[in-house]
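The values are calculated or read from the model by the stated rules, or taken from the named source; none is laboratory data. Every value quoted in this text rests on a predicted model; they were computed, and no experiment measured them. Every residue, glycine among them, receives a Cβ derived from its backbone with ideal geometry; neighbour counts consider all protein chains shown. What goes into the accessible areas is simple: the full protein's heavy atoms, side chains included, and nothing from ligands, DNA or RNA. Shrake-Rupley method; radii C 1.70, N 1.55, O 1.52, S 1.80 Å.
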Amino acid sequence: MAMQPEVPEIIDPIAFQDFRDAVSDYAPQLEQLVCQLGDGSRDSEKVAQLFRILHSIKGDASLCQVHFIEPYVHALETLLDRIRQNELHYQDAVGDVLLLVTDRVVMLLDDMANGLLPDDSLLRSLLPSLDKLAEASAAELPLACAKLVARMMGPAAPPMPTPSVVASGLGGHLFADLQFFRSLAMQFEQRVPEFAGRTERNLTLALEINRLAEKPLSMEQVAAAVYMHDIGMLLLPESLWLKAGRLSLDDRRQMASHPGWAGGLLARMQGWEEAAQMVLQHHESQDGSGYPDGLKGEEICDGACLLALVDAFESVTLKHAQQGPRRSILRGVAELNASERQFHPLWMQLLNQVVRNRLEMRTMVGGR
């Protein structure tokens, strides 16, 4: 019988934190098992370990009075039990669902722990589908998983014709400027081995999203902003921008200065005023919680909204890169959609459309 979700609330703060700590321990174990099963193996012991993790999470949720989590974990546990009993075959799409639901649960717990108003509307809307997934036949399972993954990735933008790209006839000095900006970006990229290819990935994604916009931004201004948005980091101590772990208040104050330095450089160069504004504002958030000026909503220029998405998507997919391209893309777009307070909804829809196109292309060519 399907379980009904309760309202998210912290009944016992100490027990809630104990549960949150336990989930933080379980999540990487679950992720590792999904990755191992995704290499083509169908190891029954690994499936059994996944089941035991979900069973433990559900038991801990009950013990710690975090009851609103139980229905979602129960549905996944039921599905894994059927796979464990050989009623269904494990497949990569099941792993995608496990990871995305777990991510959403972790983010919901984090919001509650940080005093934010909990929003479990997406999870609640998914619960009937999760329950049906747990009861699906072998033939129904792939499509049911695909639909759930698509729901968690967020709404796609309505299709629209891709606007024709007209050469803008850049003057010689502007073309030379772009080459200079790119060389600076390459210098920054080479300082961190994990950043290899980052600049071109960001530029490609930004231009793909921009082409879908009803009123596309100047490609040259977008390119300049992509190249220059983090150049101000080079003026900070390297120990700061490579620092692992939590930043101190002074660290965050220094970090908040880097958009101003890069934006200021662009603003002093003729012809790059739009790019300068994009760079200056790309760490602002829709809810006003960003920096350096705490802008919100329509106060933030479109280019900065686009750049913020691209920058965040790169960071999240890099964090999950060990899972392979397909899963890191899925995790990245799901995590960004879960942060609706931060990103502009219309640009978010365009990102969703680009990601869907990329995943469909990978499927067509047999990629994972």
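For the chain, a Gaussian network of Cα nodes joined below 10 Å ranks SER56, SER218, SER121 by mean-square fluctuation, and the top entry is SER121. You can think of it this way: the chain between GLU298 and GLU6 has 101.6 nm of extra reach, that is 0.36 nm per residue less the Cα-Cα gap. Shown in residue order for region 196-201 are the 3J(HN,Hα) couplings computed by the Karplus curve 6.51 cos²θ - 1.76 cosθ + 1.60 at θ = phi - 60°: 3, x, 4, 4, 5, 4 Hz (x for Gly and Pro). Once each of the GluC sites (Glu not before Pro) sitting in a DSSP loop with at most 11 other beta-carbon atoms within 10 Å is removed, the chain keeps 215-368 as its longest stretch.
Against the criterion of solvent-accessible heavy-atom surface with a 1.4 angstrom probe, TYR227, TYR291 sort, most first, into TYR291, TYR227. Estimated from the Cβ-Cβ distance and a Förster radius of 35 angstrom, the FRET efficiency linking SER339 and PHE180 is about 0.55.
The eigenvalues of the Cα gyration tensor, multiplied by 5 and square-rooted, give region 72-113 an equivalent ellipsoid with semi-axes of 25, 11, 5 Å from largest to smallest.
The H on the amide N of GLU6, modeled in the peptide plane, is under 5 Å from the matching H of PHE68, each at least 5 residues off or on a different chain. Backbone phi angles across region 96-109, fed through the Karplus curve with coefficients 6.51, -1.76 and 1.60 (θ = phi - 60°), yield HN-Hα couplings of 4, 4, 4, 5, 5, 5, 4, 4, 5, 4, 4, 5, 5, 5 Hz in residue order; Gly and Pro are listed as x.
Taking LEU143, LEU33, LEU249 in turn, the Gaussian network model of the chain (Cα-Cα springs below 10 Å) assigns the largest fluctuation to LEU249.
When PHE175, PHE188 are compared by accessible surface with a 1.4 Å probe, the order from highest to lowest is PHE175, PHE188.
Other residues lying with their Cβ under 11 Å from the Cβ of HIS282 contribute a combined charge of -3, Lys and Arg counting +1, Asp and Glu -1. Residues in region 219-225 carry Karplus couplings, in order, of 4, 5, 5, 4, 4, 4, 5 Hz; the curve used is 6.51 cos²θ - 1.76 cosθ + 1.60 with θ = phi - 60°, and Gly or Pro positions show x.
Given N residues in region 210-347, what is its alpha carbon radius of gyration divided by 2.2 N^0.38 Å?
1.06
With the gyration tensor restricted to C-alpha atoms of the chain, the semi-axes of the equivalent ellipsoid amount to 40, 24, 19 Å, longest first. Highest mobility in the GNM of the chain, judged by mean-square fluctuation with C-alpha springs under 10 Å and restricted to GLY197, GLY294, GLY303, is found for GLY197.
Could you tell me the accessible area of LYS319 in Å² (1.4 Å probe, neighbours in place), rounded to the nearest ten? Probe radius 1.4 Å; accessible area of LYS319 about 110 Å².
Accessible surface for ARG341 stands near 90 Å², nearest 10, in the context of the full protein assembly shown (1.4 Å probe).
From its DSSP helices (H runs of at least four residues, each -39,500 (n - 2.57)), the chain gives a residue-normalised ellipticity at 222 nm of -20500 deg cm²/dmol. So what's the net charge close to LEU203: Lys and Arg +1, Asp and Glu -1, counting the other residues with Cβ under 11 Å from its Cβ? That sum, taken over residues with Cβ under 11 Å, equals 0. For the chain, what % of the accessible area comes from carbon and sulfur atoms, probe 1.4 Å? That share works out to 55 percent.
Sorted largest first by accessible area at a 1.4 angstrom probe radius, with every protein chain in place, the residues TRP261, TRP272 fall in the order TRP261, TRP272. Accessible area per residue for the chain, computed on protein heavy atoms with a 1.4 Å probe, is 49 Å². For HIS67, the solvent-accessible surface computed with a 1.4 Å probe is close to 50 Å², ligands and nucleic acids excluded.
Distance between the pseudo-spin-label points of LYS147 and GLU135 (7 Å out from Cα toward the beta carbon): 1.3 nm.
Helix 121-134 and the longest principal axis of the C-alpha atoms of the chain enclose an angle of approximately 50°.
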